[in-house]
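Novice: One structure, as C-alpha cells, below. Some questions next.
The values are calculated or read from the model by the stated rules, or taken from the named source; none is laboratory data. As the structure is a prediction and not an experimental result, all values here were calculated from the model. No Cβ is skipped: glycine too gets one built from the backbone with ideal geometry, and neighbour counts run over all protein chains shown. Surface areas here come from the heavy atoms of the whole protein model, side chains and all, with no ligands, DNA or RNA. Shrake-Rupley method; radii C 1.70, N 1.55, O 1.52, S 1.80 Å.
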Amino acid sequence: MKKIAIYGKGGIGKSTTTANVAAALSSQGFKVMQVGCDPKADSTQLLMHGKKIPSVLDQIKEKGEDVELADIAYTGFGGVVCVESGGPTPGIGCAGRGIIAAFNKLEELHAYEEFRPDVVLYDVLGDVVCGGFAMPIRDGYAEEVIIVTSGERMALFAAGNIVLAIDNFKKRGYARLAGIVQNSRKIDNEDEIVRTFAEQAGSRILQVIPRAQIVQEAEALDRTVVEAFPDSPQSACYKELAKKIMEGSANV
Amino acid sequence: MARLSILLPPFSPDYSGAASALFDMNCLTVLHDASGCTGNFIGFDEPRWYGTHVPVYCSGLREIDAIMGDDEKLIAKVLSAQKSINADMIAIVGSPVPMIVGCDVAGIAHEIEERAGVPSFGFDTTGLRYYDYGVSIACDALVKRFVRPCAKSSEPSVNILGADAIDFGITPTIASLRRLLAESGYSCSAVMPCGLSLDTLTNMTAAHVNLVVSRSGLSTAKLLHDRYGIPYLVGLPYGEKCIPEYFGMLEQVRRSGVNAVYGISSDNSSLRKAENGGGVLVIGEQVACNAIRMAVEKDGEPGPVTVGCLFGMEQELCRPYDVNLADEKEISEAINDNRYSTVFADPFLKWLLRNVSKRFFPIPHYGVSSKIHAREAADSIDGGFDAYLASLENRDATNL
Ligand SMILES: Nc1ncnc2c1ncn2[C@@H]1O[C@H](COP(=O)(O)OP(=O)(O)OP(=O)(O)O)[C@@H](O)[C@H]1O
Ligand SMILES: [Mg+2]
C-alpha cells in the first residue's frame with residue numbers, strides 16, 4: 001500500500017489534481033482510496049459526481065459509537081473509495097483535533113484492511129495550521145508528500161513552509177518529500193521559477209500541469225477531466241503524473 | 001452525564017499504568033502534563049513511589065507550550081535529564097492536554113531516541129482509559145523492542161504477565177505464586193512488569209508457558225503467542241482447593257501448547273443465572289474476580305457467582321451472565337440488585353450499597369481505593385483465600 005499526502009496553498013488545485021490522479025490511477029488498474037482532510041469536505045466531489053458525502057466527523061457526531069465503515073466510505077468513479085474527514089464550521093470547534101479523531105475512527109473501523117487499497121491519497125487543507133494537520137504525515141500514515149504549487153509568490157511561500165515542516169519532522173520518522181507538482185497559473189517564467197524552488201528544496205518537479213479551460217468544463221459536469229474527457233491532452237497529463245507517482249518512490 | 005461519578009473516585013488511568021509498568025526498567029519516564037497527572041501517579045497509583053529513586057518526571061506542560069506546540073522544550077529537558085541520569089531507556093507518557101492538542105508523543109520519542117541514542121518510547125495515553133490499557137501498551141512495546149528468540153529452558157518454566165503494581169498493590173500475592181510454582185517444579189523466567197529487568201525481559205522466550213495474572217497481561221501474552229508460539233494460561237489460584245486444579249491446567253497447557261483460561265469453566269449448575277436472593281457478585285479486575293469465583297465455589301457456595309468487571313471485560317475471560325460495569329450507575333445497580341445477597345468488591349464500593357442486610361466482603365484494589373485500604377488487602381494465595389474469607393466471616397462482614 002502506497003500512502004501519499006498532498007499539501008499546498010489553499011485554492012491551488014490540490015483537490016482537483018488529487019481527484020484526477022485518483023481517477024487516472026484507477027484507470028491504470030489500481031485500487032485507490034482518497035481521504036479529504038479538510039473541514040470543507042469537498043475533496044472527493046468530482047469523483048462522487050457532485051454528490052456530497054457525509055463526513056467521518058458528521059457521522060461520529062450523529063451516530064456516536066455506532067458508526068460503521070459504510071457510513072463514511074463511499075465508492076466513486078472508477079471504484080475509488082472516497083472519505084471526507086470533515087470538521088467544524090469556520091470559527092468554532094477544533095479542526096485539527098477533528099482530523100485526528102477522523103483518522104482514529106478509520107483505524108478503529110479497519111478501513112485500510114477492509115478496502116486494501118494500492119494507493120491512499122490524503123488531500124490536506126491549504127496550510128498546516130496546527131498539529132492535527134500534520135497527522136496525515138505521521139508515522140503509520142503517508143510515507144510521501146507531494147506539494148502542489150504554482151509559480152505565484154504566495155503559493156511558493158506556502159510550499160516553502162511545508163518543506164520546512166517536513167524537514168523538521170525528519171527525526172520523527174515522518175513522511176518525506178516525494179516531489180512537486182506544478183499546477184500552472186500562466187504567469188511569466190513560471191516553469192523556471194518553480195524549477196528553481198524545487199532545486200532549493202532539494203526536490204524535483206514530478207509534473208507540470210497546464211492551466212486549462214477543460215478543467216472547468218469537466219468541473220461543470222461534476223466530473224474529473226480523466227472521466228469526462230479521457231482522450232484530452234490534460235487527461236494524459238494527469239495519467240502521466242499518476243504513473244510517475246507509482247514508479248516514483250525509488251528514484252527520487 | 002451517564003459516566004458521572006458521584007461517590008467513587010476516578011479509577012487509575014492509562015498513563016499511570018504505562019508509567020507503573022516501566023518502574024523497574026531504569027527508564028527515564030516523563031509524564032507529559034501540567035503536573036496533575038504526575039501527581040496522581042506518584043501520589044495515588046504507584047504504591048512503590050515513596051522512598052524510591054526511580055526517575056519519573058513531569059514535563060511541566062504550560063498553556064503557551066501547548067498552544068505553540070513547543071515540543072523542542074520538552075525534548076531539550078529530556079535530553080539534559082538523560083545526560084545526568086543515563087537511564088537505559090526513555091518514555092514519554094501522554095495525558096489529556098497533549099491528546100487534545102494532537103501532540104505526537106510517538107514522534108517526539110522517535111526524535112529523542114535519535115538524539116539521545118537510547119531506546120525511547122512514546123505512549124499515546126490520554127487519561128480516558130483505565131490503567132490496564134497503559135500497562136498493556138507499555139509491556140507490549142517492551143516485548144516488541146527487546147525480546148529475542150532464545151533456547152527453551154531445560155526445566156519447565158513460565159513467565160508471569162500482568163503482575164502490575166496497581167492490580168497487586170503491596171500484597172505478596174505474586175511472591176506466593178512464585179513459591180507455589182517452585183514447589184511444583186516450575187522456574188520463573190520473567191515476571192512482568194513488577195520486578196522485570198532488561199535481562200529477564202530479553203530472554204523471556206525461554207519460558208514454556210505465559211501465566212496471565214491480570215487483564216493487563218493478556219495483550220502481551222497474545223503478542224508472545226503470535227510471535228514466538230508460547231501458549232498462555234489466564235488465571236490465578238486463590239484458595240487452597242484450587243491449587244491442584246490450577247497446576248493441572250498449567251501442566252496441560254505446557255504439554256498441549258493450547259491456551260486456556262482458569263476460572264470460567266465449571267460444572268453446569270454454577271453456570272446458572274443468579275435468581276432472586278441467592279447470587280454472589282464479585283466486582284473488580286476480571287482475572288482476580290474469576291479466581292475469587294473459583295475459590296468461593298470450591299468453598300461450597302451454593303448460589304451462582306457472577307463477575308462484574310470494573311475496568312473492562314474480555315469476552316474470552318467471561319462466563320455467560322458476567323457483566324461489564326462501565327460507570328458508577330451500572331456499578332450501583334448491580335451492587336443493589338436483589339439477585340445478589342453477597343458482594344465482593346473494593347471497600348469504596350460499599351458506599352453505593354443501599355441494603356445493609358447484604359453480605360459485603362471487602363477486596364481492596366489499588367486502582368480504586370489506593371493506599372487507603374492497601375494494608376487490608378490479603379495475600380490471596382498464601383494461606384489460601386478461604387482463610388481470608390473465614391477471618392472475615394468471623395467478624396460481621398457487613399460492618400467492616
Ligand atoms: N490545471 C487547472 N486548470 C484550470 N483550473 C484549475 C486547474 N487546477 C485547478 N483548477 C481550478 O481551481 C479551483 C480550485 O481548485 P481546488 O478546489 O482543487 O483547490 P484546492 O487546493 O483543493 O483548494 P482548497 O485549499 O480550498 O481545498 C477549482 O475551481 C479548479 O477547477
Ligand atoms: Mg481542496
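Novice: Compute the semi-axes of the equivalent ellipsoid of the range B:150-261, taking the square root of 5 times each eigenvalue of the Cα gyration tensor, and list them largest first in whole Å.
Specialist: The three semi-axes for the range B:150-261 are 18, 17, 13 Å.
Novice: Leaving out ligands, DNA and RNA, what percent of the accessible area of the protein assembly as shown is carbon and sulfur, probe 1.4 Å?
Specialist: 52
Novice: So, one more: Throw me the Rg/Rh for the range B:14-129, computed over C-alpha atoms with Kirkwood Rh, two decimals.
Specialist: Reported Rg/Rh (Cα atoms, Kirkwood Rh): 0.93.
Novice: Counting other Cβ atoms within 10 Å of each Cβ, which trypsin sites (Lys or Arg not before Pro) in the range B:90-164 have at most 15 and sit in a DSSP loop?
Specialist: Qualifying residues, ordered by number: B:LYS152.
Novice: Right, another one. Count neighbours as other Cβ atoms within 10 Å of each site's Cβ, and list the trypsin sites (Lys or Arg not before Pro) in the range A:19-120 that are DSSP loop with at most 14 such neighbours.
Specialist: Those that pass, being in a loop and sparsely packed, are A:LYS51, A:LYS52.
Novice: Please identify every one of the trypsin sites (Lys or Arg not before Pro) in the range A:181-220 that sits in a loop by DSSP and has no more than 12 other beta carbons within 10 Å of its own beta carbon.
Specialist: A:LYS186
Novice: Relative to the first principal axis of the alpha-carbon coordinates of chain B, what is the inclination of helix B:243-256, with its axis defined by its Cα atoms, in degrees from 0 to 90 and to the nearest 10?
Specialist: Once rounded, the angle reads 60 degrees.
Novice: Find the all-direction average of the projected area of the Cα convex hull for the range B:279-399, expressing the result in square nanometres with one decimal place.
Specialist: 7.2
Novice: Please work out the average accessible area per residue across chain B, using the 1.4 Å probe convention, and give it in Å².
Specialist: On a per-residue basis, 40 Å².
Novice: Along each of its three principal axes, how wide is the spread of alpha-carbon positions in chain A, in whole angstrom units, largest first?
Specialist: 53, 42, 37
Novice: In the protein assembly as shown, what percentage of the DSSP-assigned beta bridges are antiparallel, given to the nearest 5?
Specialist: In the protein assembly as shown, DSSP labels about 5 percent of beta bridges as antiparallel.
Novice: If the convex hull of the alpha-carbon atoms of the range A:60-166 is projected onto planes in all directions, what is the mean projected area in square nanometres?
Specialist: Directional mean of the projected Cα hull area for the range A:60-166 stands at 8.3 nm².
Novice: What percent of all Cα-Cα pairs in the range A:1-140 falls into each 5 Å bin, going from 0 up to the bin containing the maximum distance?
Specialist: In order of increasing distance, the bins hold 2, 11, 22, 25, 22, 13, 4, 1, 0 percent.
Novice: I need to check one value: relative contact order of chain B, counting alpha carbon pairs closer than 8 Å and at least 6 residues apart, in percent.
Specialist: For chain B, the relative contact order is 16 percent.
Novice: Could you give the alpha-carbon Rg of chain B over 2.2 N^0.38 Å, rounded to two decimals?
Specialist: Ratio of Rg to 2.2 N^0.38 Å for chain B: 1.00.
Novice: What longest range of chain B stays clear of loop-exposed chymotrypsin sites (Phe, Trp or Tyr not before Pro) (DSSP non-H/G/I/E/B, at most 15 other C-beta within 10 angstrom)?
Specialist: Within chain B, the longest run free of exposed chymotrypsin sites (Phe, Trp or Tyr not before Pro) spans B:51-320.
Novice: Let me ask something else. May I ask you to evaluate 6.51 cos²θ - 1.76 cosθ + 1.60, the Karplus curve with θ = phi - 60°, for each residue of the range B:323-328 and list the ³J(HN,Hα) values in order in whole Hz, giving x for glycine and proline?
Specialist: Once rounded to whole Hz, the list reads 10, 9, 10, 7, 8, 4.
Novice: In whole Å, how far is the Cα centre of the range B:288-339 from that of the range B:144-198?
Specialist: Cα centres, the range B:288-339 to the range B:144-198: 27 Å.
Novice: Sequence gap at least 6, Cα distance under 8 Å: using those rules, report the relative contact order of chain A to the nearest whole percent.
Specialist: Relative contact order here is 25 percent.
Novice: For A:ARG204, list long-range residues whose amide hydrogen, built 1.01 Å from N in the peptide plane, is under 5 Å from its own amide hydrogen.
Specialist: A:ILE180
Novice: How many percent of all Cα-Cα pairs in the range B:148-200 sit more than 13 Å apart?
Specialist: 61
Novice: Expressed as cubic angstrom per residue, what is the convex hull volume of the alpha carbon set of the range B:51-182?
Specialist: Cα convex hull per residue, to the nearest whole number: 149 Å³.
Novice: Show which lysines lie in cross-link reach of A:LYS171 when reach means a straight Cα distance below 26 angstrom and same-chain residues fewer than eight apart are skipped.
Specialist: Candidates past the 8-residue exclusion: A:LYS2, A:LYS3, A:LYS9, B:LYS73, B:LYS77, B:LYS83, B:LYS144.
Novice: Mind grabbing the interface size between A and B? I mean buried accessible area, both sides, 1.4 Å probe, in Å² to the nearest hundred.
Specialist: Result for this pair: about 900 Å² buried.
Novice: Against the empirical 2.2 N^0.38 Å scaling, what ratio does the C-alpha Rg of the range A:71-134 come to?
Specialist: Compared with the compact-globule rule of thumb, the range A:71-134 sits at 1.20.
Novice: Grab the eigenvalues of the alpha-carbon gyration tensor for the protein assembly as shown, scale each by 5, take roots, and send me the semi-axes largest first in whole angstrom.
Specialist: So the three semi-axes of the protein assembly as shown are 54, 27, 23 Å.
Novice: Could you pull the Cα extents of the range B:96-156 along its three principal axes, largest to smallest, in whole Å?
Specialist: Taking max minus min along each principal axis of the Cα atoms, the range B:96-156 gives 51, 32, 11 Å.
Novice: Ratio to report: Rg/Rh of the range B:194-248, with Cα atoms as the point set and Rh obtained by the Kirkwood method; give two decimals.
Specialist: 1.01
Novice: Next up: Using a 10 angstrom cutoff on alpha carbons, build the Gaussian network for chain B and name the most mobile of B:GLN315, B:GLN82, B:GLN286.
Specialist: In the Gaussian network model the winner is B:GLN315.
Novice: Which whole-Hz ³J(HN,Hα) couplings does the range B:31-38 yield from phi under the Karplus relation 6.51 cos²θ - 1.76 cosθ + 1.60, θ = phi - 60°, glycine and proline marked x?
Specialist: 7, 8, 7, 7, 2, x, 6, 4
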